Amino acid sequence: MKRLWICLMAMAAVITSCNKPQEDDSKQPAEMNKTEIVLEAIQTRVSVREFTGEKLTDEQIEQLLRAAMAAPSALNKQPWQFVVITNEELLKKIGEQMPNTRCQNKPGCAIVPCGDMTKTLDGQARDFWVNDLSAATENLLLAAHAMGLGAVWTGVHPNKDRVKEVQELLGLDENLVPLCIIPVGVPAEQPEVKQKFNEENIRYIK
Ligand SMILES: Cc1cc2nc3c(=O)[nH]c(=O)nc-3n(C[C@H](O)[C@H](O)[C@H](O)COP(=O)(O)O)c2cc1C
């Protein structure tokens with residue numbers, strides 16, 4: 001009798017599980033370990049170009065800048081200066097003059113990573129500043145995403161006209177070369193994440 005009971009219970013469990021709707025196998029953040037959280041953030045980052053207009057707190061801005069400055073740089077030169085724009089009028093002006101920057105779309109602020117030409121390496125190594133600033137920019141984008149904010153890298157350097165335009169708009173001297181403009185804010189859109197993994201772009205040397 002006991003055996004039959006156990007058998008019935010087991011069958012009931014199987015039937016119940018078969019009837020359950022297909023469960024989403026993505027984990028909730030609380031169930032993830034550190035590695036999974038970091039990889040998930042990298043895989044789900046997406047460019048956000050529309051914002052609610054909500055301001056960022058000083059703490060949020062500092063967190064973004066700390067993430068940016070944690071980036072690697074050649075010989076650890078850290079040849080950068082980050083210009084933080086919170087002035088609404090200036091953001092609007094930048095967006096109207098340079099629509100590609102998305103600053104017209106109500107970001108809470110814009111951060112402009114600039115290469116500081118007085119801090120670069122010499123000779124052929126000078127242009128490593130572009131790599132250094134790119135690493136900082138990606139760190140900042142990932143931090144924004146991890147904080148529930150949206151952001152997008154909008155290109156300035158190496159377009160000479162854009163560099164000049166941004167230097168003029170921000171009153172920068174020519175030693176500061178803006179790599180890009182990153183509007184950051186509370187997302188007003190949720191763009192789909194693009195699937196980019198492509199075996200064809202890999203070559204193994206074993
Ligand atoms: C060097 C560079 C320049 C970019 N310039 C612009 C830009 O001027 N305006 C813009 O809206 N997005 C710009 N983007 C964002 C790309 O369009 C975006 O990263 C790409 O479409 C992939 O989409 P994802 O970031 O959502 O994965 C730029 C990205 C990079 C890396």
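Quick note: the coordinates plus some simple rules give every number you see, no bench work behind them. Bear in mind the structure is a predicted one, so any value in this text is a computation, not a measurement. Virtual Cβ from ideal backbone geometry, glycine too; neighbours counted across all protein chains shown.
For VAL83, the residues 5 or more places off, or on other chains, whose built amide H falls under 5 Å of its own are VAL112, CYS114.
Rounded to the nearest 500 deg cm²/dmol, what is the calculated helix-only ellipticity per residue at 222 nm for the chain, with -39500 (n - 2.57) per DSSP H run of length n ≥ 4?
Numbers: 6 runs with 81 residues, N = 206.
My calculation for the chain gives -12500 deg cm²/dmol from helical runs alone.
Other residues lying with their Cβ under 14 Å from the Cβ of ASN105 contribute a combined charge of 0, Lys and Arg counting +1, Asp and Glu -1.
For the range 45-185, a crude dipole built from +1 on the beta carbon of Lys and Arg and -1 on the beta carbon of Asp and Glu, taken about the Cα centre, is about 280 debye to the nearest 20. For every other residue with a beta carbon closer than 14 angstrom to the beta carbon of GLN167, add +1 if it is Lys or Arg and -1 if Asp or Glu, then tell me the sum. Here the charged neighbours net out to -3. Only one residue of GLN124, PRO107, TRP153 has its Cα farthest out toward the positive end of the dipole of the range 45-185, where Lys and Arg carry +1 and Asp and Glu -1 on Cβ, and that residue is TRP153.
Here the Karplus relation 6.51 cos²θ - 1.76 cosθ + 1.60, evaluated at θ = phi - 60°, turns the backbone of the range 200-206 into coupling constants of 5, 8, 10, 10, 8, 10, 9 Hz, with x for every Gly and Pro.
So if we plug the beta-carbon distance of GLN124 and ILE205 into 1/(1 + (r/R0)^6) with R0 = 25 Å, what FRET efficiency do we get, rounded to 0.05? Between GLN124 and ILE205 the formula returns 0.40.
Taken about its Cα centre, the range 126-206 carries a charge dipole of roughly 300 debye when the Cβ of each Lys and Arg holds +1 and the Cβ of each Asp and Glu holds -1.
For the range 152-159, backbone phi angles converted through the Karplus equation (6.51, -1.76, 1.60; θ = phi - 60°) give residue-by-residue couplings of 8, 7, 10, x, 10, 5, x, 6 Hz, Gly and Pro being listed as x.
Based only on the alpha carbon positions, what is the Kirkwood hydrodynamic radius of the range 23-107, in angstrom? Show your work: numbers first, answer last.
Numbers: mean 1/r = 0.0619 Å⁻¹.
So the Kirkwood estimate lands at 16.2 Å.
Annotation for the range 60-123 versus the range 24-50: alpha-carbon center distance of 25 Å. The alpha-carbon atoms of the chain define a convex hull whose volume equals 218 cubic angstrom per residue.
Any of LYS77/LYS106; LYS27/LYS194; LYS106/LYS194; LYS34/LYS194; LYS119/LYS160; LYS34/LYS196 with alpha carbons more than 28 Å apart? Name them for me. Show your work: numbers first, answer last.
On the way: LYS77/LYS106 34 Å; LYS27/LYS194 20 Å; LYS106/LYS194 24 Å; LYS34/LYS194 23 Å; LYS119/LYS160 20 Å; LYS34/LYS196 23 Å.
Beyond 28 Å between Cα atoms: LYS77/LYS106.
Between the amide H of LYS119 and any residue lying 5 or more places away or on another chain, no distance stays under 5 Å, with hydrogens modeled in the peptide plane.
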